[in-house]
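The values are calculated or read from the model by the stated rules, or taken from the named source; none is laboratory data. This structure is a prediction, so every number in the text was calculated from the model and none was measured. All Cβ positions, glycine included, derive from the backbone under ideal geometry; neighbour counts span all protein chains shown. When the accessible area is computed, the model is the full protein with side chains, heavy atoms only, and any ligands, DNA or RNA have been set aside. Shrake-Rupley method; radii C 1.70, N 1.55, O 1.52, S 1.80 Å.
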Amino acid sequence: MSRIRVVEILRSETSPGHITVKGWVRTKRDSKAFSFLELNDGSCLGNLQIVADASLPGYEEAVVPARTGASIEVEGTIVASQGEGQKWELQASRVVLVGAAPEDYPLQKKGHTMEFMRSIAHLRPRSNLFGAVFRIRSRMAYAIHQFFQERGFVYVHTPIITGSDCEGAGEMFRVVTMEGETMRTGGDEFFGKPTYLTVSGQLEGETFACALSNIYTFGPTFRAENSHTSRHAAEFWMIEPEVAFCDLDGDMALAEEMVKDLVNDALVNCAEDLDFCNRFVDKGLIERLEFVRDRAFERVSYTEAVALLLASGQTFEYPVEYGHALQSEHERYLTEHHFRCPTTVYNYPKEIKPFYMRRNDDGKTVAAMDLLVPGIGEIVGGSQREERLEVLLANLREQGLEESAYDWYVDLRRYGSVPHAGFGLGFERLLMFVTGVGNIRDVIPFPRTPGTAEF
RNA sequence: UCCUCUGUAGCUCAGCGGUAGAGCGGGUGGCUGUUAACCACUAGGUCGUUGGUUCGAUCCCAACCGGAGGAGCCA
């Protein structure tokens, strides 16, 4: 008999009748005459309650040893439950123990700390929270493709191994080939030159935007920063759209629309899992997501933001000063106290931003933007790109960068240059925002952070 | 890289200058259409590592290792 998924049964209006389910035992309650088993197969948060009479053939061999963590296959009839707490239950006619779980199975029927769960990352998806988080992660990945595909964006796979050693977006991991235990470098490089793991697909993405108009990338990104925070990982996923014939306003509008769309998608399609997060992770989660979906985001220029912070009367650990980057505490004040909603800050001083951002007419600022959300900070960083050849070359020189290394990038400005803009959205930061989970390590299946590459 | 906190049973923690306890989990028995079930009994620990102080250290000190939070950097 073919297997039916638990989610289908739990959502069924009428009894699916005689069926087979397969999954893992979450808990079991024995009585003399029968056992209750809670079966979860990962198709949804909820478990299916199974009633197994002690008179079943094979009860001793299959049901008795089917303790928490064991995998089983059960055939039987779905009937309305006599007990409180569930609509349907499975009256078993046959139970097969597929894989036993000894009594040292680490996941107990109690709350565990997130730290402990990280130490058993191979088993934590079997818990309620991590099952929910990773179903949401999957759905959000799908929703991202849907968002862009519906708007005519082309998905581009930019390289993971890159030779651009000064993308300016952070410390990079070096790619080398091994000769036994020694690394082959110098004049004997596999690629003929030093290569690195990408820190951004933006520069390559721009080339495709200047051909296919609207593109996006969605893939792994690597930073070798020695960061020990709840918001940084060495390996994470990033979404980077790039749009030709687009200015900063269009860029900001796209970022805001995207965040709203993804939040809405989660509310609609991950309701049960979000409800769990709302109850056990962050009590205000759903209210906040609905707020983000329904209300317009705030927009302020960097100059206005600085004035606002100076006028706030707040004492900050780092003083607010025009020309300096906004500190975490400043961003937090804006999103969590002043506006109390997602906020886009734009037009930053050119000195604190990279060479490729478009110089504004005031000569002092560039057309950059950061979308900040309460609780997390920057979730999107983007800009209109400098499309004027002479200005771009001047920027390269001003920042002491080797012009020849960016030859192909500069070519975009030599041949049919167009105004264009784009941004990067940290996938995991979005997930933290959507699930309320406070640590990036808990929205990545097997997180890589300094000193940790287990599993 | 810097600052702070932390490391005691499988898990979560308490404790004390004279070598340790609880709850949960595990095991055994009982009971019940149960649902983080309940009741009784029971087994688990060279108190992160290495030095130092001391008659004596799990407890005090130092270094190291691991974990967490914050800062910077950013996504």
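Return yes when A:Ala253 is free of Cβ contacts under 8 Å to residues at least 40 places away in the same chain and not charged (D, E, K, R) and no when it is not. Answer is yes for this residue. Candidates A:Val243, A:Val259: the one that is touching a residue at least 24 places away in the same chain (Cβ under 8 Å), among the β-branched types (Val, Ile, Thr) and assigned to a strand (DSSP E or B) is A:Val243. Number of residues in the range A:94-127 that are of a type in the set (Ser, Thr, Tyr) and surrounded by fewer than 15 Cβ atoms within 10 Å (Cβ to Cβ): the value is 2. Please verify whether the range A:176-191 includes one or more residues that are open to solvent by 50 Å² or more (accessible area, probe 1.4 Å) and at pLDDT 90 or above. Within the range A:176-191, none of the residues are open to solvent by 50 Å² or more (accessible area, probe 1.4 Å) and at pLDDT 90 or above. Picking from residues in the range A:89-118 that are within 8 Å of RNA strand B (Cβ to nearest atom), outside any loop (DSSP other than H, G, I, E, B) and in contact (Cβ under 8 Å) with a residue 40 or more places away in the chain, the one that is farthest from A:Ser230 (Cα to Cα) is A:Gln91. Looking only at residues in the range A:65-88 that are in a strand (DSSP E or B) and open to solvent by 10 Å² or more (accessible area, probe 1.4 Å), the one that is farthest from RNA strand B (Cβ to nearest atom) is A:Glu73.
For the range A:379-399, the condition of being open to solvent by 30 Å² or more (accessible area, probe 1.4 Å), within 11 Å of RNA strand B (Cβ to nearest atom), within 24 Å of the chain's Cα centre (by Cα) and modelled with pLDDT under 95 holds for none of the residues. The number of residues in the range A:296-329 that are free of Cβ contacts under 8 Å to residues at least 24 places away in the same chain and either buried (at least 17 other Cβ atoms within 10 Å of the Cβ) or within 16 Å of RNA strand B (Cβ to nearest atom) (or both) comes to 11. Scanning the range A:192-232 for residues that are β-branched (Val, Ile, Thr) and crowded, with 17+ Cβ neighbours inside 10 Å gives A:Thr195, A:Thr198, A:Val199, A:Thr207, A:Ile215, A:Thr217, A:Thr221.
Using the structure shown, decide if A:Arg441 is farther than 30 Å from A:Cys277 by Cβ and part of a helix (DSSP H, G or I). In short, no. Check whether at least one residue in the range A:353-364 is out of contact with any strand residue (DSSP E or B) (no Cβ under 6 Å at 6 or more places or on another chain), surrounded by fewer than 17 Cβ atoms within 10 Å (Cβ to Cβ) and outside any loop (DSSP other than H, G, I, E, B), and report yes or no. The answer is no; no qualifying residue exists. Within the range A:400-426, the only residue that satisfies the criterion of being in contact with a Ser or Thr (Cβ under 7 Å, 6 or more places away or on another chain) and either open to solvent by less than 10 Å² (accessible area, probe 1.4 Å) or acidic (Asp, Glu) (or both) is A:Ala421. Is it true that some residue in the range A:26-33 is touching a Lys or Arg at 6+ places or on another chain (Cβ under 6 Å) and either more than 16 Å from RNA strand B (Cβ to nearest atom) or in contact (Cβ under 8 Å) with a residue 60 or more places away in the chain (or both)? Yes, because at least one residue in the range A:26-33 is touching a Lys or Arg at 6+ places or on another chain (Cβ under 6 Å) and either more than 16 Å from RNA strand B (Cβ to nearest atom) or in contact (Cβ under 8 Å) with a residue 60 or more places away in the chain (or both).
Has the range A:128-137 got at least one residue that is touching a strand residue (DSSP E or B) at 6+ places or on another chain (Cβ under 9 Å), open to solvent by less than 70 Å² (accessible area, probe 1.4 Å) and at positive phi? Give the derivation first.
Of the residues in the range A:128-137, the ones touching a strand residue (DSSP E or B) at 6+ places or on another chain (Cβ under 9 Å) are A:128, A:131.
Keeping just the survivors that are open to solvent by less than 70 Å² (accessible area, probe 1.4 Å) gives A:128, A:131.
From what's left, at positive phi: none.
Among the residues of the range A:128-137, not one is touching a strand residue (DSSP E or B) at 6+ places or on another chain (Cβ under 9 Å), open to solvent by less than 70 Å² (accessible area, probe 1.4 Å) and at positive phi, which makes the answer no.
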